[in-house]
4 protein chains.
Amino acid sequence: MSHNSFGHLFRVTTWGESHGPAIGCVVDGCPPLIPLSEADIQAELDRRKPGQSRFTTQRREADAVKILSGVFSHPETGEQVTTGTPISLLIENTDQRSKDYSDIAERYRPGHADITYDAKYGIRDYRGGGRSSARETAMRVAAGAVARKVVEGVTIRGALVQIGPHKIDRDRWDWDETAKNPFFCPDAKTAELWADYLDGIRKAGSSVGAVVEVVADGVPAGLGAPIYGKLDQDLASALMSINAVKGVEIGAGFEAAALTGEENADEIRIGKDGAPDYLSNKAGGILGGISSGQPVVARFAVKPTSSILTPRKSITRSGEEVDVMTKGRHDPCVGIRAVPVGEAMAAIVLADHFLRHRGQVGA
Amino acid sequence: MSHNSFGHLFRVTTWGESHGPAIGCVVDGCPPLIPLSEADIQAELDRRKPGQSRFTTQRREADAVKILSGVFSHPETGEQVTTGTPISLLIENTDQRSKDYSDIAERYRPGHADITYDAKYGIRDYRGGGRSSARETAMRVAAGAVARKVVEGVTIRGALVQIGPHKIDRDRWDWDETAKNPFFCPDAKTAELWADYLDGIRKAGSSVGAVVEVVADGVPAGLGAPIYGKLDQDLASALMSINAVKGVEIGAGFEAAALTGEENADEIRIGKDGAPDYLSNKAGGILGGISSGQPVVARFAVKPTSSILTPRKSITRSGEEVDVMTKGRHDPCVGIRAVPVGEAMAAIVLADHFLRHRGQVGA
Amino acid sequence: MSHNSFGHLFRVTTWGESHGPAIGCVVDGCPPLIPLSEADIQAELDRRKPGQSRFTTQRREADAVKILSGVFSHPETGEQVTTGTPISLLIENTDQRSKDYSDIAERYRPGHADITYDAKYGIRDYRGGGRSSARETAMRVAAGAVARKVVEGVTIRGALVQIGPHKIDRDRWDWDETAKNPFFCPDAKTAELWADYLDGIRKAGSSVGAVVEVVADGVPAGLGAPIYGKLDQDLASALMSINAVKGVEIGAGFEAAALTGEENADEIRIGKDGAPDYLSNKAGGILGGISSGQPVVARFAVKPTSSILTPRKSITRSGEEVDVMTKGRHDPCVGIRAVPVGEAMAAIVLADHFLRHRGQVGA
Amino acid sequence: MSHNSFGHLFRVTTWGESHGPAIGCVVDGCPPLIPLSEADIQAELDRRKPGQSRFTTQRREADAVKILSGVFSHPETGEQVTTGTPISLLIENTDQRSKDYSDIAERYRPGHADITYDAKYGIRDYRGGGRSSARETAMRVAAGAVARKVVEGVTIRGALVQIGPHKIDRDRWDWDETAKNPFFCPDAKTAELWADYLDGIRKAGSSVGAVVEVVADGVPAGLGAPIYGKLDQDLASALMSINAVKGVEIGAGFEAAALTGEENADEIRIGKDGAPDYLSNKAGGILGGISSGQPVVARFAVKPTSSILTPRKSITRSGEEVDVMTKGRHDPCVGIRAVPVGEAMAAIVLADHFLRHRGQVGA
């Protein structure tokens, strides 16, 4: 059952509300004897941390992760490694400004989960979005840092490829650029354009959507479990579970609908090493739900946050019509911080499928 | 674990190869006392059946379903109803032409699962695609027919909205039209255009992709289980698991990336019945992973089949470079038959979440 | 979710009612390239088949199993092997005497599931016990035959060690004897005693309980997943799920309650091969939920069937007090046929844990 | 997958090592709007706490539980209630005496999980037993306190019915007595006898086993999911997963093996309220895996702890033969503290099945 857990053999369970005492996760099923320190995880968390530029929310989250279980000193080397038992990770919520939440308690923000949580449960922790807050994604990144260790030969990188109507130029793609601008943008020129564009959005108190691309290089052929544990299926599930995501593509994605069979077929030759050498990658590295050995490529669309300074029509919990606008800290493009989150979810899917494949087939 | 099963409380397990003696599925967790006959299921299967027009494969599948368990005569009415025990459904494979498969056994079709099944398992049943054949989707439709009964007040309909580069005109959308043309097209004019276009594709021995839209009306608010059992997440998983699907969207989908927060917010008023009345549906009926009461809208992209008459470069199982082309029966647009399959998967997701919600929250 | 499925990586789903058209199961997650024929499975089924002596029900079940999917000829050897896809097994129900079931439909047999199925579902297939019939255990044996192949180095054997008040003499234990008498009794002398005793029970139209012991030799150390996937826990679950079972023990079992720590500790020396050499096996081969390398020993108690010729007080579906007695075929000791069923369930647990261990830890 | 999780709809995941910074659990799937405070949980924990008499280990555990998520103030009453999101519970480990663990790191205690954890994972946190410590059961009790709230009409009570060879006299059974002696013994006279007997065991540095009985009154008819989610099966799984448990029985249990069908059948009459009135309860309240409405009765055997002051033969991690004896704090009968743990596990099973039943069947 998967209310708040994801994965099967590598299984992540997250818990916690935005303004509760802490958030955390339990990573179960991790192989033993893998070196793992808090610093390993912190490094990934720091990439996601808000408030690092004027383009993300100014909320300050220390996001200092603690490992509470599942690691121990290696009997020979003394290095801290995993033990095969559950790894419990915890981050204390330190930036819980005591403020007046009566407004948000009563008024449903259009496009927010406020109204549906209430419809489902009859109650919600409304402080800062509670369980539906993007704060939960910190634990995805933390768990993803562990997952990366499980599939060590695989390189999982993400990039922002579109903000609002502005797409990158793929001919200028340079992975190194993603670390040099506040957008994880692989195209330096477009990053400059985005800076101007987003400044306008920010000053207008508006917000805008984005598209993130995640690429995993070095995925061995054979991962994925047809028919209902397909690798692309689980990536779709993982990425669609991220807050504000409204679409997921693999390889050519929706463009494939407009292609002919001739255009879409990834032709194959024998490479120098004797392995299959694909002449294109429309499939995004997955055929029949199973990895082919090509890079695995996924893309997802993030909607603009509905926390904007322009009033929108809405209703209250008690059924009155009101206008709602967001005050205070505000995130012009939540898609930016979704990049490390998308990487993390891809890492979790790949780690899970690596273990599943090894379980059924060995090797 | 979900190798060949989908869903949790309403759980579907499929089995079978394209050219084995039969295919089948087990539907577990169905509530008791629901009227269910073979005719109910057959009606859905007949909508998916190939060979109904010149635009789908000419393979003839009788597709006569048998219910082998899980139903019994109602103690009072005598009507055949579910008993709460597993429902086993079976379709015998009758159109297994005895032909020479040595070619397909050895040569990998580009874009096919041939090569990845071999990479994973070291073996595959290559006859007619074996387990990776679209034939498996017949059991999805059969299971979906049961699922529809579980969520009886919900209307789940699908339509083809794009073939190749040609999209429908949404202003001409008429659900009734979907039953009147061989494309499940809701726009009569576009259906005519498609007929011409696909005739060309077919005669050229080519194939083309498509986009399917599925809409569920009457879904009650509250279905979906945050954070990792979100309704949109499970729809993405369900639809991406269908053969040849490369992308999934909810509501505005990838278009949401280009929108501002003002444009994307679905404003709310109080309706005549006192319930929330949304002024738009960019969210596709799902907020924070939970249904809002609006129609649930999903879309998915189907790639063109790689079984085409034009030779493509490929390799053999034993590692030689060859040219591969498909002979015999051929499907110019597999997206057409994906329409009832998409509906079925949506029905299964909704039935599962209906039971899950009732389990946790009651009523 | 586990309504009608058992196991995780090696997962068995059974379906079917005693007097429906067929019963069957789907075995999912089996590794590929394992030789598997119908004869392999039939051999195990024949050990369980009723009507082989006067001590089991005279119902004749042909129990001819068919493999409908998941096997194919090996690309090199041509031998039929598993492919890694779901294995569907089916047995047609041939001995469905058309008889009058109005009695059984209305009157609840004391100790039977009749009354609880009705309480739960409001309906039941009452013919021959429907889903609650011991007939379902045939599919456990069939699936167990596949599981044995997965853990090929492990020898899993069962024996009846008690019928009614009469226990075997463990000093006379000889596995070869279990194939020589109709009771799977490892002690020839006690088998003779049982024959006389059970004749009396049978002629009196009565029934009696039994205890079965299952031993798995050759289980490698390391199988089992603490804390909630313990090997003994899953054995307890597997064996308690068999019809009519009321108790399960591992190793010393309930006797351990009366022992001191000194008596219960299995002391260890270094064996000739350098591996641990245990001086006793009170633990039944499992420490902390993980196999130690010693033989895994489990025992389970089977209650007497309540289908007896002596009238017992009961009630009807419509709430009237009646006396109920069973007519026709009758099974004086259902525990006998539980022996191959217990073996099969142990095999399924071990196969599942073998794959789970390989998934997490490798090799 | 269930490495460190138990249950399906009501799902408990525990984590933590005996001497790590903390232990904890996540309770997922709990219905919303149930009043829940730390005091509710603490009350149950205090019943399990060690060091309350001379008959349990003198280790002092403060065991102060914190609720970190999943509760919020009720929108109308302001009372703290569950929200339907995961409930994270945490207990800090305060009694981590800094001592020398080199001995325990190297020498395997006979009967302990030391050797099998090492065999499985190649590593273990040996301090105080690490993950295999009975300390983990504190989180079972905590989660069980939540589960009790889910099945509020059900009364779940446990009692110790045997210590070493000494059984209680069932004719003297008085539930009130269980709170009056340090053994949870329902028979005052036997409690006195046990006190003397255990003093002898304790002074001899020995230990002894025990049998615990758990009874759930008020369980509605219909809970349990045949065939592989039987209520008795899940109870067996739950109880066998407790440290040191070697056997589980339902109702008459192993005694049923010695009974005839006449003796074992629970006859039925119509009660004053029109409901079935059973004349005995050999079945332990479960027929065909489904609750009958009678009290659910389970029993489990706890082995003596192997931490004793008498040296036993064993080996070291590096393969040398040694004698091992336990120093320091020592628990003469771990079965005593297993009573609240058994109650908790029964509560978790019942809560899970209550939700599962409501999901499939409603009401």
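Working carefully through the options B:265, B:258, find the one that is without any contact (Cβ under 8 Å) to a residue 40 or more places away in the chain and touching a Ser or Thr at 6+ places or on another chain (Cβ under 7 Å). Testing whether each residue is without any contact (Cβ under 8 Å) to a residue 40 or more places away in the chain and touching a Ser or Thr at 6+ places or on another chain (Cβ under 7 Å) leaves just B:265. Within the stretch C:6-43, the residues that satisfy the criterion of being surrounded by fewer than 24 Cβ atoms within 10 Å (Cβ to Cβ) and among the acidic types (Asp, Glu) are C:38, C:40.
Going residue by residue through the stretch A:92-103, is there one that turns out to be modelled with pLDDT of 95 or more and either within 11 Å of another protein chain (Cβ to nearest Cβ) or touching a strand residue (DSSP E or B) at 6+ places or on another chain (Cβ under 8 Å) (or both)? Yes: one or more hits. Just one residue in the set C:102, C:53, C:37 is over 30 Å from residue A:361 (Cα atoms), among the polar types (S, T, N, Q) and in contact (Cβ under 8 Å) with a residue 24 or more places away in the chain; that residue is C:53. The set of residues in the stretch B:76-113 that are in a loop (DSSP other than H, G, I, E, B) and more than 27 Å from the chain's Cα centre (by Cα) comprises B:76, B:77, B:78, B:79, B:98, B:99, B:100, B:101.
To keep it simple, each residue is scored yes or no on (1) in contact with a helix residue (DSSP H, G or I) (Cβ under 6 Å, 6 or more places away or on another chain); (2) free of Cβ contacts under 8 Å to residues at least 60 places away in the same chain.
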residue	(1), (2)
D:73	no, yes
D:79	no, yes
D:86	no, no
D:90	no, no
D:94	no, yes
D:108	yes, no
D:125	no, no
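Out of all the residues in the stretch A:340-355, is one or more of a type in the set (Gly, Ala, Ser), more than 7 Å from chain B (Cβ to nearest Cβ) and in a loop (DSSP other than H, G, I, E, B)?
No - not one qualifying residue is present in the stretch A:340-355.
Look at (1) more than 10 Å from chain A (Cβ to nearest Cβ); (2) at pLDDT below 95; (3) buried (at least 23 other Cβ atoms within 10 Å of the Cβ) and you find that residue B:324 fails only one, number (1). Looking across the stretch D:153-172, the residues that are surrounded by fewer than 19 Cβ atoms within 10 Å (Cβ to Cβ), within 14 Å of chain C (Cβ to nearest Cβ) and in contact (Cβ under 8 Å) with a residue 24 or more places away in the chain come down to D:166, D:167. For residue B:361, indicate whether it is within 14 Å of chain D (Cβ to nearest Cβ) and out of contact with any strand residue (DSSP E or B) (no Cβ under 7 Å at 6 or more places or on another chain). Taking the combined requirement at face value, the residue satisfies it. Selection of first residues in the stretch C:273-293 that are more than 15 Å from residue D:313 (Cβ to Cβ) and surrounded by fewer than 24 Cβ atoms within 10 Å (Cβ to Cβ) and of second residues that are aliphatic (A, V, I, L, M) and at pLDDT 95 or above, restricted to Cβ pairs under 8 Å at least 6 apart or on distinct chains, gives the following pairs, ordered by first then second residue: C:293/C:219; C:293/C:221; C:293/D:119.
From the list A:45, A:9, pick out the single residue that is touching a strand residue (DSSP E or B) at 6+ places or on another chain (Cβ under 7 Å) and aliphatic (A, V, I, L, M).
Residue meeting the stated conditions: A:45.
Has the stretch A:175-198 got any residue that is free of Cβ contacts under 8 Å to residues at least 60 places away in the same chain and within 9 Å of chain B (Cβ to nearest Cβ)? Scanning the stretch A:175-198 turns up no residue that is free of Cβ contacts under 8 Å to residues at least 60 places away in the same chain and within 9 Å of chain B (Cβ to nearest Cβ). Among all positions in the stretch D:156-170, there is no residue which is in a helix (DSSP H, G or I), at pLDDT 95 or above and under 30 Å from residue D:357 (Cα atoms). If only residues of the stretch A:115-152 that are outside any helix (DSSP H, G or I) and in contact with a Pro (Cβ under 8 Å, 6 or more places away or on another chain) are counted, the one that is surrounded by the fewest Cβ atoms within 10 Å (Cβ to Cβ) is A:122. The single residue among B:303, B:282, B:313 that is of a type in the set (Lys, Arg) and farther than 30 Å from residue A:275 by Cβ turns out to be B:282.
Of all residues in the stretch D:173-200, those satisfying the criterion of being surrounded by fewer than 22 Cβ atoms within 10 Å (Cβ to Cβ), hydrophobic (A, V, I, L, M, F, W, C) and in a helix (DSSP H, G or I) are D:175, D:179, D:188, D:191, D:193, D:195. A Cβ distance below 8 Å, combined with a sequence gap of six or more or placement on separate chains, defines the contacts here; from the stretch C:208-235, residues that are at negative phi and at the interface with chain D (Cβ under 8 Å from one of its Cβ atoms) reach residues that are acidic (Asp, Glu) and in a helix (DSSP H, G or I) in the pairs C:227/D:136; C:234/C:352. Picking from residues in the stretch D:130-152 that are more than 12 Å from chain A (Cβ to nearest Cβ) and among the small types (Gly, Ala, Ser), the one that is nearest to residue B:359 (Cα to Cα) is D:147. Among the candidates A:301, A:283, the residue that is in a loop (DSSP other than H, G, I, E, B), within 7 Å of chain B (Cβ to nearest Cβ) and closer than 21 Å to residue A:216 by Cβ is uniquely A:283. Take the residues of the stretch B:53-70 that are among the polar types (S, T, N, Q) and at pLDDT 75 or above: which is nearest to residue C:123 (Cα to Cα)? The selected residue is B:69.
The values are calculated or read from the model by the stated rules, or taken from the named source; none is laboratory data. Just so we're clear, the structure is a prediction, and the values are computed from it rather than from any experiment. Virtual Cβ from ideal backbone geometry, glycine too; neighbours counted across all protein chains shown.
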